[in-house]
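Chemist: Submitted below is the structure of interest, expressed as structure tokens.
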Amino acid sequence: MELLDEPEGWDTPEFIVEESIKAQHRLLSGFHGTPNVNKKKLEEAYNPNQVAISLIGEPTLYPMLDELIDEYKKRGFTTFVVSNGTNPNVIEKIDPYQLYISLTAYSEESHLTLNRPSKNYWDEINKSLRILSEKDCRTVLRLTLIKGYNMKAENYVKLIEKASPMFIEAKAYMYLGYSRLRLPKTAMPEHEEVRKFSEELAKLTGYEIKDESQISRVVLLS
């Protein structure tokens, strides 16, 4: 795809793709001198074919996200986009291999309390959930569970019905980063609590638990 009139001040999709591959190579360079390293896996890692956009920050703020996805696709990458759903126009336009909408809130009130947004994005999030139900790609609703704040399964039923995702990922909040300034360590649920929430959610929605990772405190439903 030929890119015209690129927004001023933004890195181009081609630049981001090239630099992300270089960054991967830099991360791996020290493993060559590591004893007992798996040479085959190291060689495979030098030729990445999967990319997550993004685990830090909101990727839909990048004005050429659809072109970036296309650029990765041209190079044989599987693309995963993780969004908070606040830019539904971008959610509607992009076509990754797998699209996540990540939620901590289940209502407008909880959205304002838990996320403390600069403006109220609850209508935009709900629009993104409706769009999710119409996407042709693999879709995931990720629920970040905060103990004592948002762990009643029945609160999510209507949102799940609206989004109709292929998968639901119930994941424990992790006591990391700036969140430690707002939440206590006790807000981080144990895996058993995430599992119990997921079992209740399965009963209410018809989804089934397919897999789980105890060390990551996450349960996958489909």
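Chemist: Go through the stretch 167-212 residue by residue and tally those that are within 24 Å of GLY57 (Cβ to Cβ), touching a strand residue (DSSP E or B) at 6+ places or on another chain (Cβ under 8 Å) and of a type in the set (Gly, Ala, Ser). Before the answer, list the steps.
Modeler: Residues of the stretch 167-212 within 24 Å of GLY57 (Cβ to Cβ): 167-183, 187-188.
Right, trim to touching a strand residue (DSSP E or B) at 6+ places or on another chain (Cβ under 8 Å) and you get 167-173, 188.
Still in the list and also of a type in the set (Gly, Ala, Ser): 170, 172.
Residues in the stretch 167-212 being within 24 Å of GLY57 (Cβ to Cβ), touching a strand residue (DSSP E or B) at 6+ places or on another chain (Cβ under 8 Å) and of a type in the set (Gly, Ala, Ser): 2 in total.
Chemist: Another question, then. Going by the structure shown, is ARG75 surrounded by fewer than 16 Cβ atoms within 10 Å (Cβ to Cβ) and touching a residue at least 40 places away in the same chain (Cβ under 8 Å)?
Modeler: Yes; evaluated as a whole, the condition is true for this residue.
Chemist: Within the stretch 113-142, which residues are touching a helix residue (DSSP H, G or I) at 6+ places or on another chain (Cβ under 8 Å) and closer than 21 Å to LEU181 by Cα?
Modeler: Hit for the stretch 113-142 is PRO117, nothing else.
Chemist: I've got another one for you. Given the conditions (1) in contact (Cβ under 8 Å) with a residue 40 or more places away in the chain; (2) farther than 23 Å from VAL51 by Cβ, which single one is not true for SER164?
Modeler: Failing condition for SER164: (1).
Chemist: Now for a different question. Could we say that GLY206 is farther than 22 Å from PHE80 by Cβ, loosely packed, with under 14 Cβ neighbours inside 10 Å, without any contact (Cβ under 8 Å) to a residue 40 or more places away in the chain and not charged (D, E, K, R) here?
Modeler: So GLY206 passes the test.
Chemist: Give me a count of the residues in the stretch 131-183 that are in contact with an Asp or Glu (Cβ under 7 Å, 6 or more places away or on another chain) and among the small types (Gly, Ala, Ser).
Modeler: So the answer is 1.
Chemist: Looking only at residues in the stretch 6-22 that are in contact (Cβ under 8 Å) with a residue 12 or more places away in the chain and assigned to a helix (DSSP H, G or I), which one is farthest from the chain's Cα centre (by Cα)?
Modeler: Among those residues, the one meeting the criterion is GLU14.
Chemist: How many residues does the stretch 175-203 contain that are surrounded by 12 or more Cβ atoms within 10 Å (Cβ to Cβ), assigned to a loop (DSSP other than H, G, I, E, B) and free of Cβ contacts under 8 Å to residues at least 24 places away in the same chain?
Modeler: Qualifying residue count for the region: 1.
Chemist: Please pick out the residue among THR144, THR104 that is hydroxyl-bearing (Ser, Thr, Tyr), touching a His at 6+ places or on another chain (Cβ under 9 Å), touching a residue at least 12 places away in the same chain (Cβ under 8 Å) and within 23 Å of SER222 (Cα to Cα).
Modeler: Exactly one of THR144, THR104 is hydroxyl-bearing (Ser, Thr, Tyr), touching a His at 6+ places or on another chain (Cβ under 9 Å), touching a residue at least 12 places away in the same chain (Cβ under 8 Å) and within 23 Å of SER222 (Cα to Cα), namely THR104.
Chemist: Hey, another quick one. For the stretch 136-174, name all the residues that are more than 23 Å from PHE80 (Cα to Cα), part of a loop (DSSP other than H, G, I, E, B) and hydroxyl-bearing (Ser, Thr, Tyr).
Modeler: TYR149
Chemist: What single numbered condition from (1) over 24 Å from GLU18 (Cβ atoms); (2) under 17 Å from the mean Cα position of the chain (by Cα) fails to hold for GLN98?
Modeler: (1)
No value in this document is a laboratory result; all are computed from the given coordinates. Here the structure is a predicted model, which is why all the values come from computation and not from measurement. So basically every Cβ, Gly included, is an ideal-geometry build from the backbone, and we count neighbours across all protein chains shown.
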